[in-house]
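Note sheet for the following structure.
The values are calculated or read from the model by the stated rules, or taken from the named source; none is laboratory data. Just so we're clear, the structure is a prediction, and the values are computed from it rather than from any experiment. We place every Cβ from the backbone using ideal geometry, glycine too, and count neighbours over all the protein chains shown.
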Amino acid sequence: MKIAITGKGGVGKTTLAGTLARFLADRNFKVLAIDADPDANLASAIGAPKELIDQLKPISEMKDLIAERTGVQPGTYGGMFILNPKVDDIPEKFSIEYKGVKFMLLGTFQSAGSGCFCPENALLKALLRHLFVARNEVVIVDMEAGLEHLGRGTTGYVNKFIVVVEPGLRSFQTARQIKELANELLIKDVWVVGNKIQNENDKELIKKELADFKILGFMPYDPLIIESDKVGKSAYDMSESLRLALEEIWKNMQS
Ligand SMILES: Nc1ncnc2c1ncn2[C@@H]1O[C@H](COP(=O)(O)OP(=O)(O)OP(=O)(O)O)[C@@H](O)[C@H]1O
Ligand SMILES: [Mg+2]
């Protein structure tokens with residue numbers, strides 16, 4: 001299963017990506033979590049300690065690696081470079097592991113403005129193809145907020161989108177736009193998770209407004225989730241109600 005977690009800014013994408021990764025690793029799945037948000041914070045949502053996180057640098061910024069594998073210095077546009085660079089050793093070399101979750105910091109694709117044929121994108125694309133096609137894992141990608149980047153390549157090998165929404169019309173609007181984009185990208189499964197739920201009315205609002213989506217479940221509003229961020233822990237380890245919600249979400253992902 002290759003899942004991209006998307007949605008409006010601040011709705012809880014990283015919280016879901018990090019805690020779902022931990023939940024599945026606890027159930028003995030091989031889990032690879034990928035941070036594709038330039039404002040990266042997925043590693044801490046998984047609960048990895050700072051010393052471990054500090055070892056990582058975004059793949060897209062590894063100039064020597066990009067040059068070695070593609071034959072061209074990053075920042076070069078046009079010209080000849082290896083389109084299918086060797087990448088199969090990258091996940092082991094440039095990832096950290098915490099509580100059974102393997103974690104990689106992807107960095108961002110160069111903007112596709114001019115159909116960018118640059119070595120950075122060539123390496124990232126080859127890497128994603130390898131991660132999503134060749135490896136037998138649950139892959140969870142934490143995406144940047146919004147829509148603009150969605151077609152850029154990060155989602156090229158994903159087969160499911162989870163759109164996180166909160167009880168609020170703006171996040172529903174983003175969900176609808178993401179669904180349209182997903183259709184264009186030929187991604188069939190576009191699922192919704194409602195977050196920051198305070199009462200039954202919040203659930204009903206989401207069900208009513210997003211009636212044409214499959215809703216996987218609802219994560220409660222829980223001050224312990226905010227607290228976890230303050231103390232540098234994963235909400236998975238702190239919020240019992242969140243763990244219960246993840247069980248429901250996972251059950252519905254499989255049915
Ligand atoms: N269910 C919840 N209850 C309480 N607080 C929550 C809940 N879910 C997320 N939060 C808090 O909301 C904030 C945003 O969450 P998070 O970083 O997961 O969102 P995001 O969608 O990844 O944001 P961004 O768009 O900036 O990447 C964090 O402070 C987080 O602790
Ligand atoms: Mg985030």
Some residue of segment 43-60 being in contact with a Lys or Arg (Cβ under 7 Å, 6 or more places away or on another chain) and more than 16 Å from ligand 1 (Cβ to nearest atom)
no
Taking segment 211-255 and keeping residues closer than 17 Å to Val138 by Cβ and part of a helix (DSSP H, G or I) leaves Tyr236, Leu246, Glu247, Ile249, Trp250, Lys251, Asn252, Met253, Gln254
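This table checks each residue for (1) at pLDDT 95 or above; (2) more than 30 Å from Leu20 (Cα to Cα); (3) out of contact with any helix residue (DSSP H, G or I) (no Cβ under 6 Å at 6 or more places or on another chain).
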site: Ala67; (1), (2), (3): no, yes, yes
site: Gln73; (1), (2), (3): no, yes, no
site: Glu92; (1), (2), (3): no, no, yes
site: Val101; (1), (2), (3): yes, no, no
site: Gly107; (1), (2), (3): no, no, no
site: Ser111; (1), (2), (3): no, no, yes
site: Asn121; (1), (2), (3): no, no, yes
site: Val138; (1), (2), (3): no, no, no
Quiz item: Is it true that some residue in segment 177-187 is among the acidic types (Asp, Glu), surrounded by fewer than 22 Cβ atoms within 10 Å (Cβ to Cβ) and within 16 Å of ligand 2 (Cβ to nearest atom)?
Solution: no
Next item on the list: Inspect segment 206-218 for any residue being of a type outside the set (Gly, Ala, Ser) and closer than 26 Å to Ala40 by Cα and give the result as yes or no.
Entry: yes
Requiring at least 1 residues that are hydrophobic (A, V, I, L, M, F, W, C), buried (at least 17 other Cβ atoms within 10 Å of the Cβ) and within 16 Å of ligand 2 (Cβ to nearest atom), the strands (runs of 3 or more DSSP E) wholly within segment 1-118 are 2-7, 31-35, 101-105
Expected output for segment 31-42 (first residue under 14 Å from Lys102 (Cα atoms), partner assigned to a loop (DSSP other than H, G, I, E, B) and within 8 Å of ligand 1 (Cβ to nearest atom), Cβ below 9 Å, 6+ apart or cross-chain) is Asp35/Asn41
### Query
For segment 171-191, does any single residue satisfy the condition of being more than 21 Å from Ile3 (Cβ to Cβ) and part of a helix (DSSP H, G or I)?
yes
Flagged pairs (Cβ under 8 angstrom, 6 or more apart or on separate chains; first in segment 188-202, within 16 Å of ligand 2 (Cβ to nearest atom); second acidic (Asp, Glu) and not in a strand (DSSP E or B)) are Asn195/Glu166; Lys196/Glu166; Lys196/Asp202
Residues of segment 6-42 being over 18 Å from Met238 (Cα atoms) and near ligand 1 (Cβ under 8 Å from one of its atoms), in sequence order, are Gly7, Lys8, Gly9, Gly10, Val11, Asp37, Asp39
